[in-house]
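Colleague: Below you'll find the structure I mean.
The values are calculated or read from the model by the stated rules, or taken from the named source; none is laboratory data. Keep in mind it's a predicted model, so treat the numbers as computed, not measured. Ideal geometry is used to build each Cβ from the backbone, glycine not excepted, and the neighbour counts take in all protein chains shown.
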Amino acid sequence: MRTYTKAQLAHWASVEVYRLAVTRIPLFLTELITLLPAGTLLSFEGELHPWPKPSVALELEDTPLLLRNTLAPELDFWIFSLQQESRHYLLQDFVTKVGMDHRVLHVLAEYQSKLLFGAHDAFHPESTHIACGATVPLQWLQDQQQKQTIANYQKLPVSG
């Protein structure tokens, strides 16, 4: 596995970044959305056009950290700020109905201008990462493994 420098991980909320093998994407996202604090920005990129863009989605095209990952063909890109109403929509309607394992290609979470979570290429195990620390405790990952929403997790090696 590649070794990262602290500078390469500077945009993450912590240098304690773990690679995840997510096995049950909708349940994992439900757990993550429930855990993340109010004000977290959460982006979804994929084939979302069968659903109308909800009013709780922000009118942002991107942020410095939440960027489109597929340039062509251009996919739908929705950003939500986790508040009571948007959290309810995501948990009750979006995650359960959109088809997270085949319609959504990229999911990113940003809190206080730092990246907390990133899943690329439909949650490919080599491209799914989470920063553990004050916002996402390591114990939460251990709980997710027990709940079988993830098969395993591995800390990224960091030098200097």
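Each row is one residue, and each column tells you yes or no for (1) closer than 23 Å to Glu16 by Cβ; (2) among the polar types (S, T, N, Q); (3) at pLDDT below 95.
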residue: Leu35; (1), (2), (3): yes, no, no
residue: Asp62; (1), (2), (3): no, no, yes
residue: Leu66; (1), (2), (3): yes, no, yes
residue: Thr70; (1), (2), (3): no, yes, yes
residue: Leu82; (1), (2), (3): yes, no, no
residue: Tyr89; (1), (2), (3): no, no, no
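Colleague: Shifting gears a bit: Go through segment 34-48 residue by residue and tally those that are surrounded by 15 or more Cβ atoms within 10 Å (Cβ to Cβ) and outside any loop (DSSP other than H, G, I, E, B). Spell out the reasoning first.
Modeller: Initial filter on segment 34-48 (surrounded by 15 or more Cβ atoms within 10 Å (Cβ to Cβ)): 35-36, 40-48.
Right, trim to outside any loop (DSSP other than H, G, I, E, B) and you get 35, 41-46.
Qualifying residue count, segment 34-48: 7.
Colleague: Here is a further query. So which of Gln112, Gln148 is touching a residue at least 12 places away in the same chain (Cβ under 8 Å) and farther than 14 Å from Ala13 by Cβ? Quick ask: steps written out before the conclusion?
Modeller: Values: Gln112 fails: farther than 14 Å from Ala13 by Cβ.
The unique qualifying residue is Gln148.
Colleague: Let me ask you something else. Output the residue which, of all residues in segment 68-93 that are in contact (Cβ under 8 Å) with a residue 40 or more places away in the chain and closer than 23 Å to Cys132 by Cβ, is surrounded by the fewest Cβ atoms within 10 Å (Cβ to Cβ).
Modeller: Across segment 68-93, the extreme among qualifying residues is Leu91.
Colleague: A further question follows. Regarding Glu126, is this residue touching a residue at least 40 places away in the same chain (Cβ under 8 Å) and surrounded by fewer than 13 Cβ atoms within 10 Å (Cβ to Cβ)?
Modeller: On the way: touching a residue at least 40 places away in the same chain (Cβ under 8 Å): yes; surrounded by fewer than 13 Cβ atoms within 10 Å (Cβ to Cβ): yes.
Considered against the rule, which asks whether it is touching a residue at least 40 places away in the same chain (Cβ under 8 Å) and surrounded by fewer than 13 Cβ atoms within 10 Å (Cβ to Cβ), Glu126 comes out as yes.
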